[in-house]
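Working notes, structure below.
What follows is calculated from the coordinates using simple rules that are stated; it is not laboratory data. On a predicted model such as this, the values are computed, not experimentally measured, just so you know.
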Amino acid sequence: PKRPEDLMDHDLIGNDSNDLILREMRRLGFLATRDSFVLRYDNQATYWELLRQGCGIGFSQRCIAQDDPLVQELDLGLDLPHLPVWLTAHPSLRETPRLRRVWDLLAAELGQLH
């Protein structure tokens, strides 16, 4: 697709039970339904591999997609939202010195992606 309105003429990969992509597409003015996606998976590893293998147009975090030579970014000029990322662990685990170090490194690296 060269323009946003061309997107619906292509095979799309989406989520199955999570409707975040679907809701965002509707917010952007696309008349998208579950049937707009030729493939739907909630398993992120499966979803990503389908995208990598060229099974359709999908949606991912830019920082991950940019490092994968099998994935091509489409710039359709859409105003896409930033999605939140949560770093979670049981409170007692966060205070274990080794895990605290990993936690701090992850938090610092994830913070740079924003």
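Here are some notes:
- Rounded to whole numbers, the Karplus 3J(HN,Hα) couplings from phi for region 24-36 are 5, 4, 5, 4, 7, x, 7, 8, 8, 10, 4, 6, 6 Hz, using 6.51 cos²θ - 1.76 cosθ + 1.60 with θ = phi - 60°, and x at Gly and Pro.
- Other-chain or far-sequence residues with amide H under 5 Å of residue 57's (modelled H): 11, 12, 13
- Calculated P(r) tail over 21 Å for region 1-83, as whole % of Cα pairs: 23 percent
- Both radii come from the Cα set of region 1-49: Rg as radius of gyration, Rh as Kirkwood radius; their ratio Rg/Rh reads 0.96.
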